[in-house]
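Asks: Before I ask anything, let me first share the structure, which is written out below as structure tokens.
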Amino acid sequence: MRGEACGGGDIADHPPAIESAQLLRAYRWMLLARQLDDTMWALRRQGKGHFAVSCAGHEAVGAAAGLAVDLATDVLAPHYRDLAACLAWGLTAREVVAHYFGRAADPCTGGRQPYAHWGSRERRIISQEGPQPNVVTHAAGLAYAARLLGERTVVWSAFGDGGALKGEVHEAMNFAGIHRLPIVFCVENNLYTQSVPLSKESAVVDLSLRAQGYGMPGISVDGMDLEAVYAAAAVAVERARAGQGPSLIEARTYRFRPNTSNDDDTRYRDPDEVDRWRERDPLLLTRSRLLERGVLSEPDAERMATEIGQEVADAATWAEAESDAEPESALLHTWADRRVRAAAE
């Protein structure tokens, strides 16, 4: 497979091939994610949305995760660029845009949090937090609970290269390694923590090498290549489900847009660098393979793009007209619904 393995065990042996139907399914998730991303970015420029976090360039990672897991039983602890993964786990275009606008119909936070604070108990998506990547410790805890309860649940926990260097990730991976938890850690390395390049974040280039310190296998793969990510993800998920413990996947990807809508990436990135990476757009690579293998024709590809474009436009129109959450709802899930007796009483 396209990757370099290291650490306690090997997740590069006998990688599974991706079936044509799976490839087409993943491409639809990726295309929907990109068109939602384009629309929300445009709405931000129009002053209709206050904050956007782009997933452009990261779509193959989340889509590969969606193919590798069992969506009926497995849990997603998402990176904030994991829109494709959230769509795979069941969020709809309308729900995503309602979340973006902060409407009452937002299934993730009820309009209480900015965009990309994912979460859905119904769809098995762990609530995202503002501080990154605190959700990894929650993911490890849930994986520990699944093991204690004898469930077959696997947790997919994703975070960025900057997050990979924070204490929460060390604690979560160390705990998971000790207890051989059913969790897959995926670092989506896009070479920058906002404006800080990887060379000033980490003394090692291959972040998968960190797996050795936790007694788990690690592998670095091309994060722009859906099939490369899937090959590593499928093996790691099955390994976790079989009780063999956690794995670390480093998906080397790139974000095409600024860190957020509040960022000016021209101050720290050369536009030529961005253009070079755009030549390896995961959507273009996946579309090309679908066409080469006869799974998708040019007319079919155009028709799919048009249908998804209309779905996204309809979702944006609907969500923009939806009502905001009631102000009083800001206090829900914050205080107990009953009086708590003071310790002195």
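Nothing in this text is a laboratory measurement; each read-out follows from the coordinates by a stated rule. Small disclaimer: the values here were computed from a predicted structure and weren't measured. Glycine gets a Cβ as well: all are built from the backbone with ideal geometry, and neighbour counts include every protein chain shown.
Asks: Return the calculated 222 nm mean residue ellipticity for the chain, to the nearest 500 deg cm²/dmol, obtained by summing -39500 (n - 2.57) across DSSP H runs with n ≥ 4 and dividing by the residue count.
Replies: -12500 deg cm²/dmol
Asks: While we're on this one: Compare the Cα positions of Val155, Leu291, Ala232 along the charge dipole of the chain (+1 at Cβ of Lys, Arg; -1 at Cβ of Asp, Glu; about the Cα centre) and return the one farthest towards the positive end.
Replies: Val155
Asks: Let me ask another. In the set [x] 59, 57, 41; [y] 65, 48, 42; [z] 77, 38, 36, which value of Cα extents along the principal axes in Å was calculated from the structure you see?
Replies: From the options [x] 59, 57, 41; [y] 65, 48, 42; [z] 77, 38, 36, the structure gives [x].
Asks: What residue among Met30, Asn189, Trp277 has its Cα farthest toward the positive end of the dipole of the chain, where the charges are +1 on Lys, Arg and -1 on Asp, Glu, each on the Cβ?
Replies: Asn189
Asks: Got a sec? Charge dipole of the chain, +1 on Cβ for Lys and Arg, -1 for Asp and Glu; which of Val53, Thr109, Ala203 is way out at the positive end?
Replies: Working it through, the farthest residue towards the positive pole turns out to be Thr109.
Asks: Rounded to the nearest 20 Debye, what is the dipole magnitude of the chain about its Cα centre when Lys and Arg each give +1 and Asp and Glu each give -1 at the C-beta?
Replies: In total the dipole reaches around 680 debye.
Asks: Gap in Å between the Cα centre of the range 197-238 and the Cα centre of the range 131-175?
Replies: 15 Å
Asks: Report the normalised scattering of the range 47-117 as log10 I(q)/I(0) at q = 0.12, 0.15, 0.25 Å⁻¹, calculated by the Debye formula with identical scatterers on the alpha carbons.
Replies: Values, matching the q order: -0.31, -0.48, -1.15.
Asks: Starting with the highest mean, order 215-226, 33-44 by the number of other Cβ atoms within 10 Å, averaged over the residues of each peptide.
Replies: Averaged packing, sorted descending, gives the order 215-226, 33-44.
Asks: Still on this structure, I have one more. May I have the extent of the alpha carbons of the range 200-278 along their three principal axes, as whole Å values ordered from largest to smallest?
Replies: The Cα atoms of the range 200-278 stretch 46, 28, 22 Å along the principal axes, largest first.
Asks: Could you give the length gained by full extension between Trp335 and Arg278, i.e. 0.36 nm per residue of separation minus their alpha carbon distance, to one decimal place?
Replies: 15.8 nm
Asks: Right, here's the next one. How far apart, in nm, are the 7 Å Cα→Cβ label points at Glu122 and Asp300?
Replies: 3.2 nm
Asks: Here is a further query. So for Phe51, Phe101, Phe185, Phe256, fewest C-beta neighbours within 10 Å to most, what's the order?
Replies: Final ranking by Cβ density, sparse to dense: Phe51, Phe256, Phe101, Phe185.
Asks: Between His333, His138, His117, which gets the highest mean-square fluctuation from a Gaussian network model of the chain, Cα cutoff 10 Å?
Replies: So, out of His333, His138, His117, the one fluctuating most is His333.
Asks: Take the Cα pairs of the range 197-345, get the Kirkwood Rh, then feed it into Stokes-Einstein at 4 °C and 1.567 mPa s and tell me D in µm²/s.
Replies: Translational D for this selection: 62 µm²/s.
Asks: In addition: Describe numerically, in nm with one decimal, the distance between label points set 7 Å from Cα along Cα→Cβ at Arg45 and at Ala313.
Replies: Using points 7 Å along Cα→Cβ, the separation is 1.7 nm.
Asks: For the range 110-263, just say rounded, prolate or oblate: build the C-alpha gyration tensor, square-root its eigenvalues into a ≥ b ≥ c, call rounded for a/c under 1.5, and beyond that prolate if a/b exceeds b/c, oblate if not.
Replies: Note, shape of the range 110-263 comes out oblate.
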